[in-house]
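Novice: Quick one: the structure is below, questions incoming.
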Amino acid sequence: MPTAEDTALTDRQVEVLELREAGLTQREVAERLGTTASNVSAIERAAQENVGQARRTLELVRTLRSPVRFTVDAGTYFEDLVDAVYDHGDEAGIKVDYCTPELNAHLYGELEDHVADSRLDTAVEVGLTEDGEVKVYVDGA
């Protein structure tokens with residue numbers, strides 16, 4: 001069985017996730033581990049929170065490592081965010097790896113929970129990699 005040694009998960013979380021991935025119900029996992037289904041649910045929920053935190057950490061690191069980084073303020077129109085990505089790419093001599101519809105879809109997919117009435121409702125950090133990938137990090141997301 002995989003171990004949690006080098007991850008953000010506990011051994012128990014790995015054990016529960018592995019059994020759930022094998023198709024066992026929470027009740028079956030609880031019986032196998034000698035605990036309750038509600039405890040299995042809590043372990044699973046905590047594991048998912050740890051996984052989410054690890055993903056956000058990776059997003060931050062990828063953004064910080066991008067050679068081009070800039071902050072877009074809350075209240076910025078979404079279309080102005082898209083324009084800012086292309087403008088910063090042009091200034092740095094980086095060809096953005098998305099056409100406009102693709103960039104819109106990519107950014108909206110990353111920021112959907114932070115857009116209201118076509119405006120950002122929180123500030124975001126944007127990074128452009130050497131390859132033209134667009135990384136987005138929202139503090140506290």
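Novice: Among the residues in region 43-55, are any within 30 Å of Ala92 (Cβ to Cβ) and of a type outside the set (A, V, I, L, M, F, W, C)?
Specialist: Within region 43-55, one or more residues are within 30 Å of Ala92 (Cβ to Cβ) and of a type outside the set (A, V, I, L, M, F, W, C).
Novice: Mind checking which residues of region 58-77 are among the hydroxyl-bearing types (Ser, Thr, Tyr) and either more than 12 Å from Val136 (Cα to Cα) or more than 18 Å from the chain's Cα centre (by Cα) (or both)?
Specialist: Matches in region 58-77: Thr76, Tyr77.
Novice: Taking into account only those residues within region 97-139 that are part of a loop (DSSP other than H, G, I, E, B) and within 14 Å of Ser66 (Cβ to Cβ), which is least open to solvent (accessible area, probe 1.4 Å)?
Specialist: Gly132
Novice: So if I check each of Ala8, Ala42, which one is modelled with pLDDT under 95 and either exposed (fewer than 15 other Cβ atoms within 10 Å of the Cβ) or under 20 Å from the mean Cα position of the chain (by Cα) (or both)?
Specialist: Only one candidate passes the filter, namely Ala8.
The values are calculated or read from the model by the stated rules, or taken from the named source; none is laboratory data. All values derive from a computational prediction rather than experimental measurement. Heads up, the Cβs are rebuilt from the backbone with ideal geometry, glycines too, and the neighbour counts pull from every protein chain shown. Surface accessibility is based on the protein's heavy atoms, side chains included, excluding ligands, DNA and RNA. Shrake-Rupley method; radii C 1.70, N 1.55, O 1.52, S 1.80 Å.
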